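Heads up: the structure comes next, in structure tokens.
Nothing in this text is a laboratory measurement; each read-out follows from the coordinates by a stated rule. Since the structure is predicted, the reported quantities are computational estimates derived from the model, not experimental observations. Here the Cβ is made from the backbone with ideal geometry for all residues, glycine too, and neighbour counts use every protein chain on show.
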């Protein structure tokens, strides 16, 4: 096996991860939450594959490419988080208000 093969493999995995998180970010912008859920297993698979490769012995342009891809993945994840956070806050408030309402009703319900 040549020294170029592992480098190409690692960067290929990072390229796939960047592409997949980019699709997730686009889905988040469009509020297509189920699409994000459907893509998560692919992210997990790629993360596992990257970890399995271990620390790559790369330098120069390959290292720069990996760093660029990593920054892109982090930007995509931040965009997903930013798109989901308001929705999650609304859900949390709705769930919290329902819980509070049940507690008040329970506290003031007449016994028996």
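Please give the peptides 52-60, 72-80 ranked by average Cβ packing (other Cβ atoms within 10 Å per residue), highest first, as a rough proxy for protection. Let's see the in-between values first.
Working: 52-60: 10.9, 72-80: 16.2.
Averaged packing, sorted descending, gives the order 72-80, 52-60.
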**Report entry** Calculated log₁₀ intensity ratio I(q)/I(0) where the Debye formula runs over C-alpha points of region 4-83, q = 0.11, 0.19, 0.22, 0.26 Å⁻¹
**Finding:** -0.30, -0.78, -0.96, -1.20
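Averaging sequence separations of C-alpha pairs under 8 Å and six or more residues apart, then dividing by the length of region 4-83, give the relative contact order as a whole percent.
Once normalised by length, the contact order is 53 percent.
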Query raised in the report: Put a dot 7 Å past each Cα toward the Cβ at residue 39 and residue 23; how far apart are the dots in nm?
Result: 0.7 nm
